[in-house]
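Structure first, then comments.
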Amino acid sequence: MQIKLGIQVNIALGLFLMAIFGGLILRLLFFVDLPLVFKHIVHAHSHTAILGWIYLALVLVIYKNHLKSHVPNRVFFFIYSSTLVSIVGMMLSFPFQGYAAVSIIFSTLFLFCSYGFYWSFLKYIPKEKRASPAYKCTHLALLYMVISSIGPWAIGPIMSILGADSPWYRVAIYFYLHFQYNAWMILALIGGFLFVLEQKKVYMRQANFKSFIIFFHWGVCLSFLISILFLKPNIFIYVAAIIGGVFQFLALWFLMNFFRKQPLKLLAGKSKVNVILIKTVLLFYFIKLLMQFLAAFPLIASYIINFKNLAIGFLHWVFLGVVTPAIFYLLHESNLLKLSLRNYEIYLLGFLLTEILIFWQALVKIFNMPNLPNLYYWLFTASCFIVIGIGGVFISTFKRNRKTTS
């Protein structure tokens, strides 16, 4: 069966919109009594956002860049359709039962589907296409995706042997999240940016790329230690985590040493939206690294442990501030997404307002700052801007892709 990328992008954006509506319901539950279990909606919201939007979008980017000319349509269609069934299954089952038999079956199916996609990447891309930095970066991203799945596989044995209250339960979840948003997603996006440049005959020097990858690997592995600081380990663990943060900055330096000047201009092109997207991603990614670096210090780590809104704000910063604009750029550059400056500005406004309010909740408690009256009402209102922005992107993209695929 023929794969129509425009339709698949519509599906990914539609799932993103569903995830955002889930987030809106979570905001509503703070001041409206609804017959819903908060924790169950959180699971549905997070899984749909990370897997239904980010994972599917990255898979489509990788497929278009590397696999489309090589993998048989029936193979990719089977992997993609099975993945979609697993994601929709999780989205529909989590709100009613949380982590239980049905949702666990769909979650397990998703893991096998992700392995299937990695297998197709290894099997079907010819050897002569595997020398470029874009391919190598994407390959490492998928490898980290597989490594991150150790976390979900470990949850079952941990719960049955040690129980859900065991600190190892949290470590397993943090392991998965860490290698998802620090390794798999980031490397996949960088691989996409490199591919755009390579299509324009601009290649990163192998020596620079090797230095970037070495510091990136060490940075990601050592900064995982930030995730276990709630165990209050030996001071050497804090030092190693700080070193990991430094290595991540060094990796960014090697990358920016290549991206600056002409390559960065080629990435942005003449599109005003692309220029703003690139600037947004770079600025927010730098702030993301800075927040991680500071989180390795004992005082900041203690705040994060005691005030969950700091961790929630950080995760939203990564997924909505760094990863989503980068995906927007790659899909927009590939003519698979129609993104107007107005819709992006509305989305960005909603994102920044919600981040300010989420972090404000923690700062009020840490520094005894004045509480904002009706904070949850304001948080709900700010989230509506995100819904409006993404709704506009979905409608315009749906109309565009319907014309191109009809």
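Annotations for the structure displayed:
- Farthest towards the positive end of the charge dipole of the chain, among the residues A188, L225, Q262, is the Cα of Q262, using unit charges on the Cβ of Lys, Arg, Asp and Glu.
- Straight-distance crosslink candidates among aspartates and glutamates, where the alpha carbon sits under 20 Å from K288 and sequence neighbours closer than 8 are dropped: E355
- Here the label points at W119 and F78, each 7 Å from Cα along the C-beta direction, are separated by 0.9 nm in the simple model.
- Listed by chain and number, the lysines whose C-alpha is less than 20 Å from the C-alpha of K232, apart from same-chain residues fewer than 8 away, are K308.
- Computed E for A164/V37 - FRET, C-beta separation, R0 22 angstrom, nearest 0.05: 0.85
- Between R342 and K4, the FRET efficiency estimated from the beta carbon spacing at R0 = 25 angstrom works out to 0.35.
- Phi angles of the stretch 110-123 translate, via the Karplus equation with coefficients 6.51, -1.76, 1.60 and θ = phi - 60°, into HN-Hα couplings of 4, 4, 5, 5, 5, 5, x, 5, 4, 4, 5, 5, 6, 7 Hz per residue; Gly and Pro are given as x.
- Restricting attention to the stretch 1-124, lysine pairs at least eight places apart or on different chains and with alpha-carbon atoms under 19 angstrom apart total 4.
- The share of alpha-carbon pairs in the stretch 1-124 lying farther apart than 20 Å comes to 45%.
- Stretch gain in nm, segment V239-L111, where the contour uses 0.36 nm per residue and the Cα spacing is subtracted: 42.7 nm
- Among 129-142, 255-268, the order from most to least packed when residues are scored by Cβ within 10 Å on average: 129-142, 255-268
Values in this text are rule-based calculations from the coordinates and carry no lab data. Keep in mind that what you see is a predicted model, and the values were worked out from it rather than measured. No Cβ is skipped: glycine too gets one built from the backbone with ideal geometry, and neighbour counts run over all protein chains shown.
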